[in-house]
Structures are given as C-alpha cells and as structure tokens.
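Since the structure comes first, as structure tokens, the remarks are kept for the end.
The values are calculated or read from the model by the stated rules, or taken from the named source; none is laboratory data. Bear in mind that the values here come from a model prediction, so they are computed numbers and not experimental data. Neighbour counts are summed over all protein chains in view; Cβ atoms, including those assigned to glycine, are modelled from backbone coordinates with ideal geometry. Quick note on the areas: whole protein, heavy atoms, side chains included, nothing else; ligands and nucleic acids left out. Shrake-Rupley method; radii C 1.70, N 1.55, O 1.52, S 1.80 Å.
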Amino acid sequence: MTYFFDSETHGGKLEGLLCIPRAWVPPLFSISRELHARWLQEGEDAHPEPSDLLDTVERNWIAREVSNFGDQPEYMSLIVRSDAKDEGLEQRGLLKSIRCDGTVEAIFSASIEVFKAASQAQMRMPASLIVQVFCPPILSGYLSNERRVSETTRGWICEIDSPNQFGKHAGPRVIRLRVEKASPAGERELPCGDRRKLLSLLRSVGRYFYDKKARRHLEWVWDGNRLWLVQNDPAPDPIGESPELCVQGSTHTPDVSTLLRFRLFSPSDAKRWQKLKCAATFQSMNLPTAPLFVLNGQQKIRELARERPSPGLVSDLTELTKAPLVIRTDIADQTALFANRTDCVSSPDPAIRFMRETANELLKAGVAPRQICFIAHRFIPAHASAFSMATANGTRVTVDALWGLPDGLEFCAHDSFEVDTRTNSILGRKIRYKSTFLAALTDGSWKATALGPPWDWKASIDDDTTRKIAPVRRQLSIKLGETVVVMWFARIQGGIRDAKLFPDRYTTENEPKQIESVIGEYFLSEPFFVRNSADLDLLEKQIDPISSIILRPDEPHLRNTSFLERLGTIVQSKGLRLDLEGSPLSHTYYVLKRTGAHVACIDPIKPKSVQRKFAKLVRDKIPVRIQTQGEKVLTIKLPEGELLDVLKAKIVEEAMEVLSASSTGNLQEEMADVLEVLIALFRLGGSSLAKLERLAAQKRRKVGGFGKGLMLVQTEEVPLLEIRSGNGLFNTQVIKASRDSYQAIVAAGRRLKTRRDRIIIPLIPSVPNRLRGPSHIFFRNPDLEFEVWYREKTVEVILVADRIDASAQLVLPFDSPDRSKR
C-alpha cells in the first residue's frame, strides 16, 4: 500500500517543520492520512486492533522508522500529533497530541485517540500523523510575530508556560523581544545549557525569520541542553476592510417646511428626554450637533401602532430618507442605555416598520404614549468614534477610540488615551491591535467587520483630536457637577455644519474606581467565546475548564440588556472571569458590573503618575484645593524653629513676585501675598499686625518712608579743608540724571557679575548662617566641577576644574556685550 507511505500527503504542521533546519526539530516521521481514512471507514464507535487497520508491511515500516530513534522502543518517549492538510493557527488547540512509547501497539493506540479528538472537533476529513521524539521540557512556550501581537516583523512575543516551572497557579510569562540587532541562528543545532542564554537564543531564532521577512508562530521546548522547535506555522497578515471605504453620507438637507408629523428639536424638549437634553447642553456650550427631528405626542404614538401609517408620516419619512437616516428611541424621565434604534434607512418603509414595532413593544411593556419619543437625524459619516470620561473634580480625561461606529466600543479592542487638561498634554497612549470594527455597509446595515492593515495598528484618532476632546469633556463635567461619559463622532467626512468632530450624547455614571487588568495570555489561554443566547446555554452546561469568557456579540445581541445581564449572572454564579475587549466607559461594562460578575479589561491603559515636587511653603488651604482635583498630596508641618527661616525666605520670594508684577491688579495681589507672610511672621513671634504698623510709623517719623522715590546712587566723604577753584565756599549744585542714566543705574544692581574666577548672582533670599558654605556640583558632560558658595545676599559659582583639558579657558558670557570685544 504505497499510499500509506506517501510523503506528499502530509499536512500543514509537517510542512512547517520541513521549512526550517532539521537540526532544530526533534526526530520524527510521518504516517499518511490513509490510516485515519481506514478508521473512519470502520466507524467511529469501533475498537480496532492494529492488525485490523495495518498489514505486516506497514507495521514493519513503523518499527523500522522508530528504530532510527534508538534500540529499545519500549523505553522510548514519543508523541503522536495530528497533521491535517489545512491545520494552521485557526485550528490550534482543537486536536490532541498523545504521548506513548515506541512500540507499534502504543503508537497505534495513540493514533486512535488523536482521531477521536478530531471527530469531537468536527474535523471529518482524514488527517496525517506526526510521530516524534518527545523532549521533556524544563521550559516551553511560544514565539510569535503574528500581526495581532506585533505591528512589525521585528517585534516578537515570547510566552513561557510558567506552570512548568512555578506551579499550576502561576500565569505565563510574556516577554517582548526586538530581533533586528540579534545574530541570526545558524542551520546547526541550538545548544543551550543555561536558561539565562535561552532568551538570547530565542531572539536569534526570531532574527532568522526576520531576515526572511516572514511572520511565524513557533512552539518551542527547552530540555536543559538544547532548544527545540516543535511547530512552525505561517502567520500571514489578516484580510480586512478599510474604515474609510465603509462610510457613506449625503449632503442633502431636508425641507423642514414640508414636515407634518416630525418637527425640529427645540430646547423645551430637553426637560423630558435625556437624549434631547444632551443636545441642548452641547448647544449651550457652542458645540456642533446634528439637526434633530422629533416625533412625540400621545395621538401620534397611538397612530404609529396602527397597521396603516398616516399620509403625513409617509410624506415626512420620504423627505427625511432622501439622505441615509438613523431613528432612535427615548423614554421620558429615563436614561435608556440600549434603547431601540435603526441602522441606516434610505426609504420610508423600513423606517415606518421600525417605529410601529418599537411603539407596540413599548406600549405592551406599560410605557405611556406621552413618554415615548422618536428622534431622527442624518447618518453621520464618521470614520472613527470615541468615549471620553472625566470627573467634576479631576483634571484628567480618559478617551477610548475606535474606527467605525460608536457601538463597536462596546465589545471591540480599541485605542486609549489619557490627557491632563491643565497642560493639555497626553499622559498616556495605548494603541492596540484592532481586529474588528462596527461598519456601516453599503446596504445600510451596521455589522462587525474585520479591520485590515494598516488600520488595525493605526491610531483611530490623532493627538490633535484627542486634545480637542479633553477640555470640552472636562468643562462638561464641571458644568454638570458629576462624572460624565461622552460619546463622540470623529474624522467626519463631508462634515455636518463643517465640523470634523462633535459630541452625540452623554450619560452620568459613577466612574469605575478600579479597573482590573488582564494581559499576557496570548497563546496558552482557552477562552469561551459568547456570541448569542445559544452560547449562553452551552456556557451554563460547560464542565471543561475555561480560562475566561470573551464577549463577541452578533448583531441581534449587540444592544441587548437582558442578554448582557444573563451573561453577567452566569459568569458570577460559576466564579468565572469575563475578559472585556471593549471600553470600560461603555454601557456594556456598567451593565455587566452591576450583575456582580468578575469583569477584567484586556490590556488597559496605564498612564504614568506625574509627581511634582515643590518643597515650598504654601497657604493653608492650597493642599485641600489640590486634593479636590483628584490628586494625592503629601505635606509636613514645620516646627517653629524651621518655620521662622522658611518664612524669611518666603517673604523674599513674594517680594520678587512684586518685582515682576506686570499690571496694577497683579501688583496688588503680590503685595497681599507679602502682607500675608508678614502676618504669619508676627503671629509666630506672638505679635500682631497692629504692632507692626506702630513700628513702621515710628521708623517713618525717624528716617522717613519710601514715598519720594529717592535712590541713593553713591556717597563721598568730604575732607575738612577743600581746595577749590572758582567762586563759592561750598558746592550746592543738584545732580540731574537723565532717563537713560537712572535706568542704567537701576539695572546695574540686578546683573550677574564676575570677579576673578567666579560668578556672583545677586537678588536672592538671604539664607541663615547654618545654611551658608560651599556645595560641589559635577557635570559629567563636559567634565566640569563647580563650587557654589551661599553668602548672605549672593550666591557665588566658582569653576574648580575642567577635567578634560586643564589648559582650556572657560568663557562665561554673563557680562555686558562689550566683554566679547576684549
């Protein structure tokens, strides 16, 4: 039976192993798919013996192949693995690999177990087998640069199966590797006797494939002496859509004067309906919004429930649907998170059908007709969307964004940003791999669609858009006095009212105080994917271990609150974990958390904590004000002995603020600060401001005040006898200084000066005796050392040594420009 030995019938797994140096792969041989075909022909419930499916020639052939591995087959450790023709990354984990010894009987039994696993995985086509020497791993894991884990082929993820070393409760270790500077692995074996060298060797393996410009998913084992590759799957870039091609829009403006049932939104509507309240709030902040058309009223809603629509409604929808239209539902005095809405409608019939069915559904649920409102607006052709959140007291804004329609943020991986509104700087940025987005298709339907390169790794909103979202979001939270989540349309094409970005709605929710993170299980995890109610039925009956639950809802279940509540209840009752790929700012997150389910976000953003060190005396209520903005504050209370010195320095600091005041109002504020420090100084000494004023008055009577604006320029001692030429015994001439001369005199006292080998810096706070003296500062580049002396009213900076070239002259350009001419 030549077909049994036909090497051309192997599957994808063997094909991958044959593409790499044989010295990297544990010894193996392949059994064609003929054996599996015979087993299927016998029937899956049969219990065949080796002689039933193998003749003598075939059994001898297997024994001869095993003899290449060693002389004692009964003491060998082999592994039998499936090798289906189309077996690749998508089938990873569906089939089993069975360990056995080297006897023909053991290999046959292991093969039958593999076939049974294939049947359970619904794989009916015959598969080949790989019989391979089993290498007992000290460490094992995966090495992959497939696109979902790395934007470029030079970046790799190494995932180490930690339970092999640290026990079953230890999670996998994930290490990111850059391979472009590593030495490529050669064609020979991969020796490694030290685990410290293992990563370096894995990096070299990655470089081998990087040079071939290939994306690969590898499985490896390390037995303490050598690194072995046991699987090599190609990982081609995924195929997907561009978000720019999925957007459709129209510039048609409805003729409002022809409307009979619908009407334009008015601010009075905001008193009852939350979605319309959002629009009114945005308009009050001068933010762009889409024109809204409203249908409400008891009589109009009852008309909708009838079988035949009124002519006026048909006429309105004929006009409104000349451009793609979206119709939403709202209920008075409620926040309807997942209220019914249409996809894009472009003709009256589907719009009327939606409104009639929704009206009947709400009326049957006991909602009064006067509470029901339908809101229509033109479809917004936005390439991206975002959620943003800020608290009323905080200064940071979190922004989650994704290509496509906003509902995609409920369950799809997305980008995240964090912005400090005080400086409008981006503190954190997380650009994730985004495999899916919610697209508006050409037929008007909205569907979860594969996102193709380069969009899958490209930021869905740019920094400029992020910075525009953040301050508006912060202003809104302050205006409303609570935490607010806002939904935005971004990258709008053919912008409504020429706007490329505008908010659509907001909700008031308590911010998630703590978001649990889950990251790092790229290849070892075995999640259970939930798409619909049928999956929930299977989940309730599930017995096999599950690493986590991942939500991937289909379109009918995308906005279904009862479906989400049931999912959360099952997750909570079974003690499982739900890994949410969508935004924690989404409605989905809040609905699931309310059920008590254990919800963790996949790879959430971790913005840096910005610490600002001040070490300065501040007014008593300043720390409290900072705390109300959401920041942590560390303060110390100075003892009286230290406080006296600090207050002395503080009054000089405030006096310098007076010096730099640029307006009358600013000058008065700085003078008030000086007065406040004086009051603190007097209180510290057990005195009062009244006593200060009395002392000032005494000194004013004795030596005058500063009201005349006199500047003492210089003095000169006059000898007892003066010899003069000219008339007069005494010189009584008054010196009259020009404007230029007195400005020069004033400036001279403020300039840095040089004296021999030092720089003298004036106008600093006077320091107490115990702080005076030298300090040394050393600059490594260039190698310069300075000595800094703290004097009573100056600081002197002295160059001690130039460690590179002692003969070089140091020129410090701190004097007047004339110095450069010398």
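Between ALA121 and SER573, how high is the FRET efficiency from 1/(1 + (r/R0)^6) when r is the Cβ-Cβ distance and R₀ = 30 Å? Nearest 0.05. With R0 = 30 Å, the Cβ-Cβ based efficiency is 0.60. Of all aspartates and glutamates in the structure, the ones whose alpha carbon falls short of 19 Å from that of LYS213, not counting any fewer than 8 places away in one chain, are GLU15, GLU146, GLU151, GLU180, GLU187, ASP233, ASP237. Taking every protein chain into account, the accessible area of the range 19-63 amounts to 48 square angstrom per residue (probe 1.4 Å). In this rough spin-label picture, where each label sits 7 Å from Cα along the Cβ direction, the LEU667-ASP463 distance is 4.1 nm. Under the classification rounded if a/c is under 1.5, otherwise prolate if a/b is larger than b/c and oblate if not, where does the range 594-634 fall, given a ≥ b ≥ c as square roots of the Cα gyration tensor eigenvalues? Since a/c reaches 1.5 but b/c is at least a/b, the shape of the range 594-634 is classed as oblate. Within the accessible area of the range 445-594, the carbon and sulfur atoms contribute 47%, probe 1.4 Å, all protein chains present. Over 27 Å between C-alpha atoms is what I'm after, so list which of LYS648/LYS691; LYS479/LYS621; LYS277/LYS606; LYS275/LYS468 land there. Violating the 27 Å Cα-Cα cut-off are LYS277/LYS606.
Residues whose amide H comes within less than 5 Å of that of GLU241, counting only those at least five positions distant or on another chain, are ALA450, LEU451, GLY452 (H built at 1.01 Å from N in the peptide plane). Taking the protein heavy atoms of the range 642-700 in the context of the full set of protein chains, the accessible area attributed to carbon and sulfur is 57 percent at 1.4 Å. Length gained on full extension, THR715 to ILE426, computed as 0.36 nm times the residue gap minus the Cα-Cα distance: 98.2 nm.
Of the two radii for the range 320-426, the radius of gyration is 1.08 times the Kirkwood radius, both from the alpha carbons; that is the Rg over Rh value.
Summing Lys and Arg as +1 and Asp and Glu as -1 over all other residues whose Cβ lies under 11 Å from the Cβ of ALA182 gives a net charge of +3.
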